[in-house]
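Before anything else, here's the structure in question.
The values are calculated or read from the model by the stated rules, or taken from the named source; none is laboratory data. As the structure is a prediction and not an experimental result, all values here were calculated from the model. So basically every Cβ, Gly included, is an ideal-geometry build from the backbone, and we count neighbours across all protein chains shown. Surface accessibility is based on the protein's heavy atoms, side chains included, excluding ligands, DNA and RNA. Shrake-Rupley method; radii C 1.70, N 1.55, O 1.52, S 1.80 Å.
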Amino acid sequence: MSDRVKIFLLLLPAMSFIVLLFFGGLAIGLMRSFNYMPIIGLLEPNLEAYFKIFTSAEFLRSFLLTFHIAFTSTVISSVLAIGAALLLRRQFIGRAVVNFLFQLNLTVPHLVGAIGILYLFSQSGTFARLAAEWGMISRPRDFPVLVFDPYAIGIILQYVWKEIPFIGIIVLANMQSLGEDYESVARSLGATRWQAFRHVLLPLIFPGVLSASVIVFAFTFGAYEIPAILGANYPAALPVLAYRKYTDVDLAARPEAMAMAIVIAVLSAIMIYIYVRYTRRRIRS
């Protein structure tokens with residue numbers, strides 16, 4: 001028996017379980033998005049649910065809001081993570097402690113972080129009360145609206161706080177594996193510190209940054225709990241809107257919920273596909 005066959009047989013139990021749950025759920029969601037639900041007498045598949053959501057102003061606003069949350073969170077997290085990795089790769093007193101603290105919130109669940117954002121940044125939270133106590137504002141409700149706001153500032157704060165260490169660890173590992181030889185050569189040839197980073201280090205770590213960013217974007221685009229806790233009622237993030245449609249007392253709204261879920265899954269798959277194609281092209285070149 002060849003090694004490939006052995007590996008396949010060893011992976012088969014776990015892969016069967018994953019494939020059954022993922023593709024089974026995806027197939028059921030796809031059938032329901034086509035308005036095919038024999039349990040309530042819907043036996044003729046159609047695209048009515050997709051036409052409804054794509055012509056709905058509520059869906060379009062939710063989609064734009066969700067894209068804004070995912071894109072803004074990913075960009076800010078990536079930039080700050082690169083900066084943190086640049087600092088953490090240097091040797092300084094207390095580096096081990098700082099590195100530990102930097103990675104500490106990886107163990108904190110997203111829900112706990114969301115509750116922390118709620119208690120700190122809401123208009124009845126700690127910062128609002130302190131600002132009123134110190135005379136910076138007349139009363140707590142004059143504090144800037146950072147939670148339940150239409151721009152999703154509180155949601156983005158939570159995701160940035162949570163995802164910086166995730167991206168930073170990947171970038172830091174890349175930097176440490178590369179060392180500083182490439183930058184030293186560039187500096188010896190007359191490049192400034194910024195030029196060495198821009199033209200030498202950044203292209204080398206970019207695949208790692210891109211892979212982490214794709215994961216963060218796909219996660220934040222499809223996550224439900226944080227927008228549900230910190231987001232405004234309208235417009236709601238796309239996963240929240242899909243959940244509301246699915247739990248509607250009118251069963252006729254469920255195909256729309258499934259159509260929204262399929263849209264989220266397809267967009268996430270497109271992002272992963274673009275990343276795989278890009279990395280393969282970079283490796284070949």
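Yes/no matrix, rows are residues, columns are (1) open to solvent by 50 Å² or more (accessible area, probe 1.4 Å); (2) over 26 Å from Gly116 (Cβ atoms); (3) in contact with a Ser or Thr (Cβ under 7 Å, 6 or more places away or on another chain):
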residue	(1), (2), (3)
Val200	no, yes, no
Pro207	no, yes, yes
Gly222	no, no, yes
Asn233	yes, no, no
Leu238	no, no, yes
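I'd like the residue in the stretch 2-61 that is of a type in the set (A, V, I, L, M) and touching an Asp or Glu at 6+ places or on another chain (Cβ under 9 Å) and, out of all such residues, is farthest from Asp250 (Cα to Cα).
Ile53
A follow-up question, please. Do we have Val79 as farther than 30 Å from Pro227 by Cβ and open to solvent by 40 Å² or more (accessible area, probe 1.4 Å) here? Talk me through it step by step, then tell me what you get.
Numbers: farther than 30 Å from Pro227 by Cβ: no; open to solvent by 40 Å² or more (accessible area, probe 1.4 Å): yes.
Here the answer is no, as Val79 does not meet what is asked.
Pick out the one residue from Ala257, Ala261, Ala242, Ala265 that is assigned to a helix (DSSP H, G or I), in the same structural domain as Gln158 (by TED's automatic domain parsing) and surrounded by fewer than 19 Cβ atoms within 10 Å (Cβ to Cβ).
Ala265
Being closer than 22 Å to Gln158 by Cα and open to solvent by 70 Å² or more (accessible area, probe 1.4 Å) is the filter here; which residues of the stretch 89-102 pass it?
Phe100, Leu101, listed by residue number.
Okay, next question. Does Leu26 count as in contact (Cβ under 8 Å) with a residue 40 or more places away in the chain, exposed (fewer than 15 other Cβ atoms within 10 Å of the Cβ) and either in a helix (DSSP H, G or I) or touching a His at 6+ places or on another chain (Cβ under 6 Å) (or both)?
For Leu26, the condition - in contact (Cβ under 8 Å) with a residue 40 or more places away in the chain, exposed (fewer than 15 other Cβ atoms within 10 Å of the Cβ) and either in a helix (DSSP H, G or I) or touching a His at 6+ places or on another chain (Cβ under 6 Å) (or both) - is met.
Continuing with the same structure: State which residue pairs qualify: first residue under 21 Å from Glu44 (Cβ atoms) and among the β-branched types (Val, Ile, Thr) and inside the stretch 243-263, second residue at pLDDT 85 or above and open to solvent by less than 40 Å² (accessible area, probe 1.4 Å) in any location, beta carbons under 9 Å apart, and separation of 6 or more residues or different chains.
The qualifying pairs are Ile262/Tyr50.
Let me ask something else about it. Quickly run through the stretch 169-223 and pick out the residues that are of a type in the set (S, T, N, Q) and either in a helix (DSSP H, G or I) or not assigned by TED's automatic domain parsing to the domain that holds Gln103 (or both).
Step one: of the stretch 169-223, the residues of a type in the set (S, T, N, Q) are 174, 176-177, 184, 188, 192, 195, 211, 213, 220.
Selection gives Asn174, Gln176, Ser177, Ser184, Ser188, Gln195, Ser211, Ser213, Thr220.
May I pose another question? If I filter the stretch 33-41 for residues that are touching a strand residue (DSSP E or B) at 6+ places or on another chain (Cβ under 8 Å), closer than 26 Å to Gly222 by Cα and not assigned by TED's automatic domain parsing to the domain that holds Glu256, do I get at least one hit?
Yes, the conditions are met somewhere in the stretch 33-41.
Going by what's in this entry, would Leu86 be described as closer than 16 Å to Asn174 by Cβ and open to solvent by 30 Å² or more (accessible area, probe 1.4 Å)?
It is true that Leu86 is closer than 16 Å to Asn174 by Cβ and open to solvent by 30 Å² or more (accessible area, probe 1.4 Å).
Just to verify a result, which residue in the stretch 161-179, among those that are open to solvent by less than 20 Å² (accessible area, probe 1.4 Å) and touching a residue at least 60 places away in the same chain (Cβ under 8 Å), is farthest from the chain's Cα centre (by Cα)?
Met175
Checking Leu157 against (1) open to solvent by less than 60 Å² (accessible area, probe 1.4 Å); (2) in contact with a helix residue (DSSP H, G or I) (Cβ under 8 Å, 6 or more places away or on another chain); (3) not polar (S, T, N, Q), only one condition comes out false. Which one?
Result: Leu157 passes all but (1).
This table checks each residue for (1) open to solvent by 40 Å² or more (accessible area, probe 1.4 Å); (2) farther than 28 Å from Pro235 by Cβ.
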residue: Leu106; (1), (2): yes, yes
residue: His110; (1), (2): no, no
residue: Arg129; (1), (2): yes, yes
residue: Ser138; (1), (2): yes, yes
residue: Asp142; (1), (2): yes, no
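Determine whether Tyr278 is at pLDDT 85 or above and either open to solvent by 50 Å² or more (accessible area, probe 1.4 Å) or closer than 28 Å to Ile76 by Cβ (or both).
Values: at pLDDT 85 or above: no; either open to solvent by 50 Å² or more (accessible area, probe 1.4 Å) or closer than 28 Å to Ile76 by Cβ (or both): yes.
It is false that Tyr278 is at pLDDT 85 or above and either open to solvent by 50 Å² or more (accessible area, probe 1.4 Å) or closer than 28 Å to Ile76 by Cβ (or both).
Could you check, for the stretch 61-79, whether at least one of its residues is over 17 Å from Phe221 (Cα atoms) and among the hydrophobic types (A, V, I, L, M, F, W, C)?
Taking every residue of the stretch 61-79 in turn, at least one turns out to be over 17 Å from Phe221 (Cα atoms) and among the hydrophobic types (A, V, I, L, M, F, W, C).
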